[in-house]
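Student: Sending over a structure as structure tokens; questions will come in a sec.
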Amino acid sequence: MTYQNTIAQMQSIIEANGPSWSAIDAESTARMAIQNRFPTGLDIAKYTAKIMRADMEAYDANPADYTQSLGCWHGFIAQQKMISIKKHFGSTKQRYLYLSGWMVAALRSEFGPLPDQSMHEKTSVPALIEELYTFLKQADARELGGLFRDLDAARDAGDDVKAKDIQNQIDNYETHVVPIIADIDAGFGNAEATYLLAKKMIEAGACALQIENQVSDEKQCGHQDGKVTVPHEDFAQKIRACRHAFLEMGIEDGVIVARTDSLGAGLTKQIAYTKEEGDLGDQYNSFLDCEEVDPSNIKNGDVFLSRDGKLLRPKRLPSNLFQFRAGTGEDRCVLDGITSLQAGADLLWIETEKPHVEQIAGMVDRIREVVPNAKLVYNNSPSFNWTLNFRQQVFDAWAEAGKDVSAYDRDRLMSVDYDTTDLAIEADEKIRTFQSDAAKRAGIFHHLITLPTYHTAALSTDNLAREYFGEQAMLGYVKNVQREEIRQGIACVKHQNMAGSDIGDDHKEYFAGEAALKAGGKDNTMNQFAAA
């Protein structure tokens with residue numbers, strides 16, 4: 001609806017309720033309604049699911065149209081990210097948010113900092129989704145509030161042309177609300193527990209849920225050792241649980257991202273159920289590390305498999321976990337990807353140990369032999385040493401091509417001594433184009449960084465502490481923070497406005513008229529930044 005249509009609708013409602021509502025101003029209520037376009041999380045999930053589905057179709061038509069996101073652990077971080085995107089690029093198109101279970105565990109648990117092992121309160125995940133969208137909606141309200149004030153000023157000045165232009169901006173306003181891909185870990189329990197949590201996450205606004213094939217009570221970070229996977233049917237049950245949750249909540253086009261950790265997972269907690277040779281359970285079991293057993297040498301507590309007429313004993317650790325054969329990770333990832341898509345997942349996530357386009361593409365090519373439109377979400381993880389990895393990739397490529405690499409020590413390529421070399425420059429260019437290259441070659445629809453704002457917060461705080469508590473003292477803050485905010489046009493330099501002070505003043509005027517006691521008067525020190 002347009003601005004004027006919304007005013008007319010509100011006026012009709014007010015008039016229909018008689019004289020007791022006569023003090024309610026239709027334009028004020030219309031402004032409040034426009035500033036709160038998404039009253040519930042389900043409204044957000046419905047809106048963002050359509051965006052994500054359209055982006056997936058666009059990617060299928062042209063792999064250059066990939067999408068991106070950054071992980072956020074607080075609503076303010078998400079808000080500032082989207083404000084910055086609109087400022088620098090003019091649109092939020094193809095740019096999402098990622099909610100990382102790692103950051104929830106490390107930063108949002110009542111237990112304090114925790115490792116990424118699903119020990120945090122699972123309710124903290126939907127709570128963070130709701131918080132992220134609360135801040136994004138507040139960014140809408142703040143920006144629209146500024147347009148409303150500009151509209152009033154244009155009217156007061158009798159500038160009809162400017163007033164019409166501002167009203168057009170209001171009618172075509174692009175929201176800060178974008179899709180969130182939300183990490184549900186391994187489901188925090190069985191399929192029923194997954195379904196219950198999925199509903200809460202969807203209700204909070206999530207249009208995309210990312211679930212991994214690890215065992216819930218043995219879950220590890222994707223970039224640590226000791227990962228334990230589950231048989232395919234167990235994982236399929238959780239995928240179906242997420243789909244049921246989406247459908248129950250009325251999000252028919254909700255997106256499920258199925259993550260496989262098999263590349264780095266050498267263990268399983270259970271042997272898959274199988275009815276006949278070659279079925280899915282049997283394929284899972286075929287990767288187990290087994291030894292042939294003499295029937296006369298059976299020990300108490302042994303577990304056996306029968307294959308090709310042989311009696312085999314899977315290797316079982318003291319932890320009661322079974323071991324996969326070394327070197328089977330990629331084959332297991334391929335099978336995981338195919339079966340997850342066949343079970344109803346929409347996107348895949350292959351957790352790798354390094355960022356290498358051809359390694360990812362090799363697996364995706366095999367998956368696409370069965371599911372031609374398979375596409376990935378990929379973790380551009382801070383757990384990778386990107387500089388070292390890409391310098392080594394360039395070193396190896398040069399060596400293979402017969403180029404002289406005698407000036408470089410492959411094990412020391414992270415050294416600052418190499419920062420200005422041709423090898424380092426080529427490696428940096430490959431890092432710069434990694435996302436584009438992988439989108440085109442390796443089927444990656446969505447690139448994300450899981451923990452970027454965790455690291456930026458630590459880095460910026462370290463820099464401030466060094467300067468402020470050192471010789472620079474107050475200049476350390478003024479020169480490196482506030483002056484840069486002003487120079488770069490960072491909106492939160494006016495922190496009172498960012499926190500909603502002007503929105504509150506608008507509401508006071510709506511509710512109290514001339515009796516409103518507003519905070520934004522001449523003595524408000526925020527006015528010192530009027531020219532910023």
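Student: Out of (1) outside any helix (DSSP H, G or I); (2) within 19 Å of Phe148 (Cβ to Cβ), the odd one out for Asp65 is which?
Tutor: (2)
Student: Going through region 253-278 one residue at a time, which ones are hydrophobic (A, V, I, L, M, F, W, C), assigned to a loop (DSSP other than H, G, I, E, B) and more than 15 Å from Thr229 (Cα to Cα)? Quick ask: steps written out before the conclusion?
Tutor: Keep residues of region 253-278 that are hydrophobic (A, V, I, L, M, F, W, C), which gives 255-258, 263, 265, 267, 271-272.
Cutting the leftovers down to assigned to a loop (DSSP other than H, G, I, E, B) gives us 263, 265, 271-272.
Result: no residue meets the conditions.
Student: Let me confirm something: among Glu429, Glu400, which residue is among the charged types (D, E, K, R), farther than 21 Å from Leu99 by Cα and surrounded by 12 or more Cβ atoms within 10 Å (Cβ to Cβ)? So that I can check it myself, show each step before the final result.
Tutor: Working: Glu400 fails: surrounded by 12 or more Cβ atoms within 10 Å (Cβ to Cβ).
That would be Glu429, the only listed residue that is among the charged types (D, E, K, R), farther than 21 Å from Leu99 by Cα and surrounded by 12 or more Cβ atoms within 10 Å (Cβ to Cβ).
Student: Restricting to region 288-310, give me the number of residues that are touching an Asp or Glu at 6+ places or on another chain (Cβ under 7 Å) and either assigned by TED's automatic domain parsing to the domain that holds Pro231 or not basic (Lys, Arg) (or both). Walk me through it before giving the result.
Tutor: Taking region 288-310 first, the residues touching an Asp or Glu at 6+ places or on another chain (Cβ under 7 Å) are 310.
Restricting the remaining residues to those that are either assigned by TED's automatic domain parsing to the domain that holds Pro231 or not basic (Lys, Arg) (or both) gives none.
Total satisfying the criteria: 0.
Student: Can you tell which of Thr123, Thr67 is in the same structural domain as Ile444 (by TED's automatic domain parsing), more than 21 Å from Lys227 (Cβ to Cβ) and over 16 Å from the mean Cα position of the chain (by Cα)?
Tutor: Working: Thr67 fails: over 16 Å from the mean Cα position of the chain (by Cα).
Result of the check over Thr123, Thr67: Thr123.
Student: For region 494-531, enumerate the residues that are among the aliphatic types (A, V, I, L, M), farther than 21 Å from Phe76 by Cα and in contact (Cβ under 8 Å) with a residue 24 or more places away in the chain.
Tutor: Start the filter on region 494-531 by keeping residues that are among the aliphatic types (A, V, I, L, M), which leaves 498-499, 503, 512, 515-517, 519, 526, 530-531.
Add one more test, that the residue is farther than 21 Å from Phe76 by Cα, and what stays is 512, 515-517, 519, 530-531.
Within region 494-531, none qualify.
Student: Further, regarding this structure: Sort out which residues of region 432-485 are touching a helix residue (DSSP H, G or I) at 6+ places or on another chain (Cβ under 7 Å), hydroxyl-bearing (Ser, Thr, Tyr) and more than 22 Å from Ser100 (Cβ to Cβ), and write them in order of number.
Tutor: Passing the criteria: Tyr468, Tyr477.
Student: Follow-up. Which residue pairs have Cβ atoms closer than 8 Å, lie 6 or more positions apart in sequence or on different chains, and pair a first residue in region 400-429 that is on the phi < 0 side of the Ramachandran plot with a second residue that is exposed (fewer than 12 other Cβ atoms within 10 Å of the Cβ)?
Tutor: If the second residue must be exposed (fewer than 12 other Cβ atoms within 10 Å of the Cβ), the pairs left are Tyr418/Arg412; Thr421/Ala407.
Student: Sort through Lys137, Lys162, Lys122 and tell me the only one that's out of contact with any Lys or Arg (no Cβ under 7 Å at 6 or more places or on another chain) and surrounded by fewer than 17 Cβ atoms within 10 Å (Cβ to Cβ). Can you show your working first?
Tutor: Numbers: Lys137 fails: surrounded by fewer than 17 Cβ atoms within 10 Å (Cβ to Cβ); Lys122 fails: surrounded by fewer than 17 Cβ atoms within 10 Å (Cβ to Cβ).
Only one candidate qualifies: Lys162.
Student: Further, regarding this structure: Does Ala78 count as closer than 21 Å to Leu209 by Cβ, modelled with pLDDT of 95 or more and surrounded by fewer than 20 Cβ atoms within 10 Å (Cβ to Cβ)? Before you say what the answer is, go through the steps one by one.
Tutor: Numbers: closer than 21 Å to Leu209 by Cβ: yes; modelled with pLDDT of 95 or more: yes; surrounded by fewer than 20 Cβ atoms within 10 Å (Cβ to Cβ): no.
Against the criterion (closer than 21 Å to Leu209 by Cβ, modelled with pLDDT of 95 or more and surrounded by fewer than 20 Cβ atoms within 10 Å (Cβ to Cβ)), Ala78 does not qualify.
Student: Looking only at region 1-18, which residues are among the polar types (S, T, N, Q) and surrounded by 12 or more Cβ atoms within 10 Å (Cβ to Cβ)?
Tutor: Going residue by residue through region 1-18, those that are among the polar types (S, T, N, Q) are 2, 4-6, 9, 11-12, 17.
Passing the criteria: Thr2, Gln4, Thr6, Gln9, Gln11.
Student: Can you pull out the residues in region 227-252 that are touching an Asp or Glu at 6+ places or on another chain (Cβ under 9 Å), in a loop (DSSP other than H, G, I, E, B) and in contact (Cβ under 8 Å) with a residue 60 or more places away in the chain?
Tutor: So the first thing to find is which residues in region 227-252 are touching an Asp or Glu at 6+ places or on another chain (Cβ under 9 Å), and the list is 227-229, 232, 235, 241, 246, 249.
Cutting the leftovers down to in a loop (DSSP other than H, G, I, E, B) gives us 227, 249.
Residue satisfying the conditions is Met249 alone.
Student: If a residue counts only when it is more than 30 Å from the chain's Cα centre (by Cα) and farther than 16 Å from Ile360 by Cβ, which helices (runs of 4 or more DSSP H) contained entirely in region 370-472 have at least 2 such residues?
Tutor: On the way: elements: 386-400, 422-432, 434-441, 452-468.
Once the helices (runs of 4 or more DSSP H) in region 370-472 are filtered for at least 2 residues that are more than 30 Å from the chain's Cα centre (by Cα) and farther than 16 Å from Ile360 by Cβ, what remains is 386-400, 422-432, 452-468.
Student: Being loosely packed, with under 10 Cβ neighbours inside 10 Å and of a type outside the set (D, E, K, R) is the filter; apply it to region 279-303 and report the residue that is farthest from Thr229 (Cα to Cα). Write out each step before concluding.
Tutor: Of all residues in region 279-303, those loosely packed, with under 10 Cβ neighbours inside 10 Å come to 291-292, 294-297, 299-301.
Next, from what is left, pick out any that are of a type outside the set (D, E, K, R): 295-297, 300-301.
Working: Pro295: 30, Ser296: 32, Asn297: 30, Asn300: 26, Gly301: 22 Å.
It comes out as Ser296.
Student: If you don't mind, there's one more thing I want to ask. Restricting the first residue to region 73-96 and requiring it to be assigned by TED's automatic domain parsing to the domain that holds Tyr59 and more than 20 Å from Ile129 (Cα to Cα), which pairs with a second residue that is assigned to a loop (DSSP other than H, G, I, E, B) and among the small types (Gly, Ala, Ser) meet a Cβ separation below 9 Å and a spacing of at least six or different chains?
Tutor: Listed pairs, sorted by first residue: Lys87/Gly489.
Student: Determine whether Ala361 is assigned by TED's automatic domain parsing to the domain that holds Leu209 and either among the hydrophobic types (A, V, I, L, M, F, W, C) or over 27 Å from Glu218 (Cα atoms) (or both). Give the derivation first.
Tutor: Details: assigned by TED's automatic domain parsing to the domain that holds Leu209: yes; either among the hydrophobic types (A, V, I, L, M, F, W, C) or over 27 Å from Glu218 (Cα atoms) (or both): yes.
Yes; evaluated as a whole, the condition is true for this residue.
Student: Here's a follow-up. From the residues in region 467-493 that are surrounded by fewer than 16 Cβ atoms within 10 Å (Cβ to Cβ) and in contact (Cβ under 8 Å) with a residue 60 or more places away in the chain, which one is nearest to Ile77 (Cα to Cα)?
Tutor: By that ranking, first place goes to Cys492.
Student: Counting just the residues of region 304-328 that are in a strand (DSSP E or B) and aliphatic (A, V, I, L, M), which one comes out nearest to Thr229 (Cα to Cα)?
Tutor: First pass over region 304-328, keeping only residues in a strand (DSSP E or B): 305-307, 310-314, 316, 322-324.
Filter again for aliphatic (A, V, I, L, M), leaving 305, 311-312.
Values: Leu305: 19, Leu311: 24, Leu312: 21 Å.
By that ranking, first place goes to Leu305.
The values are calculated or read from the model by the stated rules, or taken from the named source; none is laboratory data. This structure is a prediction, so every number in the text was calculated from the model and none was measured. Because the Cβ atoms are built from the backbone with ideal geometry, glycine has one as well, and the counts that use them run over all protein chains shown.
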